[in-house]
Every structure is written in C-alpha cells, then in structure tokens.
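Here's the structure, in structure tokens; my notes come after.
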Amino acid sequence: METAAVFLPLVGAMIAGFFGRQIGDRASQIVTCLGVGSAAVLSIPLFFDVAVGGNERVITIMNWINSGTFETAWALRFDTLSAVMVMTVTCVSSLIHVYSIGYMSHDDSKPRFMAYLSLFTFAMLMLVTSDNLVQLFFGWEGVGVVSYLLIGFWFKKPTANAAAIKAFVVNRVGDFGFLLGIFGIYMVFDAVTFDTVFNAVDAHKDDTVTFFGIEGHALTLICLLLFVGAMGKSAQLLLHTWLPDAMEGPTPVSALIHAATMVTAGVFLVARMSPLFEYAPSALEVVTIVGASTAFFAATIGCVQTDIKRVIAYSTCSQLGYMFFACGVGAYPAAIFHLMTHAWFKALLFLGSGSVIHAMSDEQDMRKMGGIWKHIKVTYAMMWIGTLALVAVPPFAGYYSKDMILEAAYGAHTSVGQYAFIMGIGAALLTAFYSGRLLFMTFHGEPRADKETMDHVHESPLVMTLPLAGLAIGAIFAGMLGYDLFIGDGRVEFWRDALAVVGEDPIEAAHHVPTWVVWSPMVVTVLGLGLSFHMYMRRPEIPGRLAAQFPGVYQFLLNKWYFDELYDFLFVRPAFWIGNFLWKRGDEGTIDRFGPDGVSASIIAGARRLGAVQSGYLYHYAFAMIIGIALFVSWIVVGG
C-alpha cells in the first residue's frame, strides 16, 4: 500500500508521457487521474494507520549508493509528518488532475501536460517520504525540474520561457545552499540517514566548524545553509522573485505549485530537520525574521496587483511566511497544520480564479472584470469559501491554523516572536483587504469588460466545478477536524518523534495568551474586509485617488519593491556584460583569433600568396629558379 501510494503517479506519468500519442488524449487523462486518485485513496487509510494508529515504519526499496563508508538506501519513511504530507499532496493533486481535463480541453498537448502533473506529484512524494538527505535532494531537484517544464509548458510564449528559466535559476541559488548543508551534515555526523543524524545530535550539539576561515557553531551553520535552500523553494524574501512569474503556466500548474507541492517543500524541510534547528537558536531567529518579513512584504504587494492570479500568488508567498515564522518560534505542529489547511483553500482559490478566467475568455486583469457573479454563481460561492478560509474567519480552515501561529509567536515571549506577531497581524489586515478587493473587483460592481466578452460569460463545466466543491469541503472542515490532532490536546501522541521541541512547548504557551491576542486577528480581518468593501463597492473612486495622491508608494508596491530591477542591476546585467566580454574579447577576439581561426586564416593567406606565383609565364618560373639558385649558393658559401 505504501509503495503504491508513492509510485502510482509515476506509472501514470510514464504511460501518458511515453505512449500519449498512441493511446490518445482521453486515455492519457484517465490513466494519470487514476494513478494520482488511487494514491489519494490509499493515503487516507495510510494516514490513520501511521499518524493516528502510531504504526510508523521505513520501507527499504533497494540499496542505492555504497561507496567506501558512505551508504544510503532508497527507502520510504512513513511517520506522522510523511503521512500528513502524502495525504495532502495526493488528495489536492488528484482534484487538480480532474480539473485539468476541463481547463486544458482546448490544448493540443494534453498527454504531455497530464504526464508533467503526475511526474510533479511523484517528485513531491519522493521528497516527503525520503528517509535520508540524498533521497530528499532527489525529490527536491525533481520538483524543480518539473516546475520548469510546467511553468514553461506554453513554450511558444516568450514570457513563459523567461518565467521558467527564472524559476529554475533562482531555485538553483537556494539549492546550492541546501547542498552545502547536506555536505556539512555528512562532515559532522558521517551519515545522511535521518535516524542516524537525529540520534547523534546531542553528541554534536557543541561542535564547531571552520567555514571560509571563520570558526562557528556547526549546527547553526548547517541549519542556515539548509534554510537558504528552503528560502529558494518556498519563495521567501530575497529568493521570492520567481514565484509571481510562475503564473505564466496554466492555472492548474499554479494551483499545484502554490498549494500542495514545491513551495511547501521548504517548510517541510525545516520541520523534518527540527531536531537540528532546535539546537541552533540563532538559525531559528533568522527563520522567524525572514518568515515574518515575507508575510508582511508579500501582503503589501498583493494589495495593488491587478492580475487575479498574481494576487493569489503573493498571498501564497505571505502565507508561507506564516509557516516559517511558526517554525522559527518552535511551533512546528502549527506550521504543518497551516500547510495542510492552506493547501485546500489556496488550491480552491487558484482553481476558482481559473474558472473565472475560463468564463472571461482568458482575461486575467481584474480591472476588466466586474458584475459577473450572477453568471457564474458556483464559482462565486467557491471563491467566497476560499477567501473566508484564507482570511481566517471561523469556522473555515484557516482560522484554526493561522490564529494558532499568531498566538504561538506571541506566546514565545522573545523579541523575534514579538516581531513575528506584529508582522503577522499587519499581514492579516492586508490579507483581508486584498482578498476582499479581489472578490469585489472580480464579481461585483458594473461590468468593465467589453460586450462581446460579457455575452460569453458562462459557468465552467462539471468536470471543473466538482473539484472546486471537493476543495471547498477541505477549506471548510480541515481545520476543525484536524485541530485536536495537530495542535490540540492530542498533539503529543499524534506527532510523537516526527517533530522535535526542546524546552517549553510554544503550542502550550499559545493556549494561555491574553484574550486581546486571541481576538486581534479577527478584529483586523473585519477591518480589512470592511475597508475593501468601502473602497471598491461604496466609493470605487477612492483607489484611483489614493494612487494619484501617493504615486511613489503606489509605484513602489506595484513594482514589487523593485526587487526585480535591483537584481537586474546587480546580477543580470553584470552577468550579461561579463558573458558578452568573454564571448567577444575572449573567445572570438583572443582564442579564435590566435587559435583555430588565426591558424586557418594564415594558411589560407599563405596559400593565396603561393598561388599567385603560379602565373603560367615561363620567365616568372625562370626568375624564381635563378633566385632559388642564388639563395642556395649563398647558403653554401656562408655555411662553408
């Protein structure tokens, strides 16, 4: 059962990928949906057996690498953390697969698309069930490669190609740090298998290493390097620039990348390596500060974006920030709980936005929408459910997980915890504002689309709306159903040794924070929704007036804090200049000029000069012979 739950998506991907042309579009869609759907069905009893029942196990498939003292196996690790991730990934992915049948109905490359989706799911399953860091890195790079293929799926669009390359390159920056972290773990622990490393943490907690001539705490350095990898994959501040551009891929890709797979890999990594992070408090402080800053930073940008998918993309970036600062204050169960609930409502929002785009004849600009809720009532209702879960209104899923993160940050009673709480409350206010703005601009007010577009507005087919309903069930009930197990009284027995906490339990502290802390998220949520209603429903002229009154602030946010321009100036342009210099001056001007091209040019020039001697006139040849005899005699005389 465990092996099937992981490998069935790979089987579907291989059949659709290699034999898609032979079996046809419909068969490719069916086989991939069956593969992922069967894995989802198997993951549910597996979750209850492993996580609830406590039957944790490691299934060895084969010995993978055996070189000297270095040994690692290809094994599937099933503990509570893996079981939660497998169930979340497969269930959400299966609904996205079904939705893709309708959304991609007019595409010419359906087998290729479905194969990529299933391969992406398999790579994520490899990552979350890994028993060692090498296998984890294999799944880590797998989702990176397939994300490149999916983001650039419509490869005839230059913007899609550029976005795919950008995602790939930015992730390589983080992956380099992750790789160094793995090397550091092997150097300190002489192992990469999780159980071996975790059991030896206490013995190596005070070890030091020398890195670039600087001696420092080994576990702190290792955890910082691992976190660099997590920052890249989970699009945290400084390595976040690839995430919004990933919207160039088809909407199901956006849902899969931003909800259940890839971007959550960084959070999973920090949670999985919690036994190391708990002995590196300085690294946890960095995680908290980066996560909290990302949560607020991304929320500010989401307030002014006009592309419906980009608003939700920055929302993802912000929510990932919440997960990271939860890990930073030691509330790993709350982080994974929010990861799980977020997967449901964020996939719902993305697929709901895809339904809107489908209804609006591929229009994504919210300024050209409005007044369409009566035409697509099912999509409208689904978007409201996803939004209420995102802004953490009870009893929707986000309320239970997001509020716990904020309470845990306050309950940590540390300076970085207080910073995270303040940033988190600010981000909650902005989240409610941009979420309400998205709904009111998209569905309400006067229609701003042209008459032809409005005449064709229609509800999506059943194959698209049924997955929305399935995700809506998760967005409503996942929080209340999982509360006790994940962060309630049953959490200790539920998580067991899957997550490590050294010292005071921040979840326990979160249950005893002041009342005003508990109510703060709800108050700012109501304020944010009320403000968006006032600005975009009652007084729709206010946003334009504010943008004109504060053009600097508006352009700063609209241009995403100018990170792309800054990186273009600091890295892209110098790289292009260096590359052009080495190409023109180094390769062509030096190597080719004095090497192959220079030698061949000299031979050609010499041959032409010798060829000129062959004039056909007898007196020319006689003259040459006389000159030759004179030189020969001169050489004899001088030499003699």
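The values are calculated or read from the model by the stated rules, or taken from the named source; none is laboratory data. For clarity, every value in this text was computed on a predicted model and none was experimentally measured. When we count neighbours, we look across all protein chains shown, and the Cβ atoms used for this are built from the backbone with ideal geometry, even at glycine. Ligands, DNA and RNA are excluded from the accessible area calculation, which covers all protein heavy atoms including side chains. Shrake-Rupley method; radii C 1.70, N 1.55, O 1.52, S 1.80 Å.
The 1.4 Å probe gives accessible areas that order D362, D195, D107, D175, largest first, as D362, D195, D107, D175.
The percentage of C-alpha pairs in segment 1-140 whose separation is greater than 17 Å is 59%. If you wrap the Cα atoms of segment 307-442 in a convex hull and average its projected area over all directions, you get 7.5 nm².
Give, rounded to the nearest 20 debye, the magnitude of the charge dipole that the chain has about its Cα centre when Lys and Arg contribute +1 at Cβ and Asp and Glu contribute -1 at Cβ.
Details: 36 positive and 47 negative charges, 444 e Å.
That gives the chain a dipole magnitude of about 2140 debye.
In segment 439-483, what percent of the accessible surface is made up of carbon and sulfur (1.4 Å probe, ligands and nucleic acids excluded)? Roughly 68 percent of what the probe reaches on segment 439-483 is carbon or sulfur.
Annotation: Cα Rg of segment 517-640 relative to the compact-globule expectation 2.2 N^0.38 Å equals 2.88.
Taking every DSSP beta bridge that has both ends in the chain, the antiparallel portion is near 100%. Bridgeable lysines around K377 (alpha carbons under 27 Å apart, same-chain partners fewer than 8 residues away excluded): K309, K346, K368, K451. In a fully extended conformation the segment linking K584 and D484 would gain 29.5 nm over its present Cα-Cα distance, using 0.36 nm per residue. Assuming charge only on the beta carbon of Lys and Arg (+1) and of Asp and Glu (-1), the dipole of segment 1-132 about its Cα centre is about 360 debye to the nearest 20.
Farthest toward the positive end of the dipole of segment 335-463, out of T341, M404, L388, is the Cα of M404, where the dipole comes from beta carbon charges about the Cα centre. Solvent-accessible surface of protein heavy atoms, probed at 1.4 angstrom with all chains present, puts Y617, Y103, Y483 in the order Y617, Y483, Y103, largest first. Taking all protein chains into account, the per residue accessible area for segment 30-85 stands at 44 Å² (1.4 Å probe). Less than 5 angstrom separates the built amide H of A75 from those of I61, D131, all sequence-distant by 5 or more or on a different chain. Contact order for the chain, expressed relative to its length and based on alpha carbon pairs under 8 Å spaced 6+ residues apart, stands at 12 percent. In the chain, a dipole from Cβ-located charges (positive for Lys and Arg, negative for Asp and Glu) runs towards its positive end, and of F571, V50, M273 it is F571 whose Cα lies farthest in that direction.
Straight-distance candidates among the aspartates and glutamates for linking to K402, with alpha-carbon spacing under 19 Å and chain neighbours fewer than 8 residues away dropped: D484, D489, D505, E508.
With the whole protein complex present, E56 retains an accessible surface near 80 Å², based on a 1.4 Å probe. Computed per residue of the chain from DSSP H runs no shorter than four, each worth -39500 (n - 2.57), the mean residue ellipticity at 222 nm is -22500 deg cm²/dmol. Look at the dipole of the chain built from charges on Cβ: of P596, A203, V553, the Cα furthest out on the positive end belongs to P596. For the peptides 71-78, 467-474, 562-569, the ranking by packing is 467-474, 71-78, 562-569, with the highest mean count of neighbouring Cβ atoms within 10 Å listed first.
Dipole magnitude for segment 387-515: about 260 debye, using +1 per Lys or Arg Cβ and -1 per Asp or Glu Cβ, origin at the Cα centre.
Calculate, in whole percent, how much of the Cα-Cα pair population of the chain lies beyond 33 Å. Summing the P(r) of the chain above 33 Å gives 49 percent of all pairs. Computed over the Cα atoms of segment 195-271, pair by distinct pair, the Kirkwood hydrodynamic radius stands at 14.6 angstrom.
Our summary gives segment 56-103 a relative contact order of 30 percent, counting only alpha carbon pairs under 8 angstrom and 6 or more residues apart.
In the full protein context, segment 489-603 carries 69 Å² of accessible surface per residue, based on a 1.4 Å probe and ignoring ligands, DNA and RNA. The chymotrypsin sites (Phe, Trp or Tyr not before Pro) of segment 204-272 that meet both conditions, a loop assignment by DSSP and at most 14 other Cβ atoms within 10 Å of the site Cβ, are F212. Extension gain, R448 to E508, is 16.6 nm, computed as 0.36 nm per intervening residue step minus the present C-alpha separation. Accessible area per residue (1.4 Å probe, heavy atoms of protein chains only) ranks Y619, Y419 as Y619, Y419, with the largest value leading. Applied to segment 266-277, the Karplus parametrisation 6.51 cos²θ - 1.76 cosθ + 1.60 on θ = phi - 60° returns per-residue 3J(HN,Hα) values of x, 5, 4, 4, 5, 5, 4, 8, 4, x, 7, 4 Hz, with x for Gly and Pro. Rounded to two decimals, the Cα radius of gyration of segment 178-315 over 2.2 N^0.38 Å is 1.20. Size check on segment 316-386: the Cα extents along the three principal axes, sorted descending, read 46, 21, 15 Å. Each residue of segment 419-429 is assigned a 3J(HN,Hα), and the resulting list reads 4, 5, 5, 5, 5, x, 5, x, 5, 5, 4 Hz, derived from the Karplus form 6.51 cos²θ - 1.76 cosθ + 1.60 (θ = phi - 60°), x at Gly and Pro.
Of all aspartates and glutamates in the structure, those lying under 12 Å Cα to Cα from K205, and not within fewer than 8 positions of it along the same chain, are E278.
Modelled label positions at F48 and D190, each set 7 Å beyond Cα in the direction of Cβ, lie 4.6 nm from each other.
Computed over the Cα atoms, what is the radius of gyration of segment 576-637 divided by 2.2 N^0.38 Å, N being its residue count?
1.95
Given in Å, the Rg to one decimal and the Dmax to the nearest whole number for the Cα atoms of segment 419-520 are 21.0, 64. Expressed as a whole percent, the proportion of Cα-Cα pairs in segment 8-74 lying more than 15 Å apart is 68%. Taking the three principal axes of the alpha carbon atoms in segment 379-423, the coordinate ranges are 43, 17, 9 Å, sorted in descending order.
Return the carbon/sulfur percentage of the accessible area of segment 281-401, one whole number, probe 1.4 Å, all protein chains in place.
The C+S portion of the solvent-accessible surface of segment 281-401 is 60 percent.
Full extension of the segment from F571 to H413, taken as 0.36 nm per residue of separation minus the current Cα-Cα distance, would add 53.0 nm.
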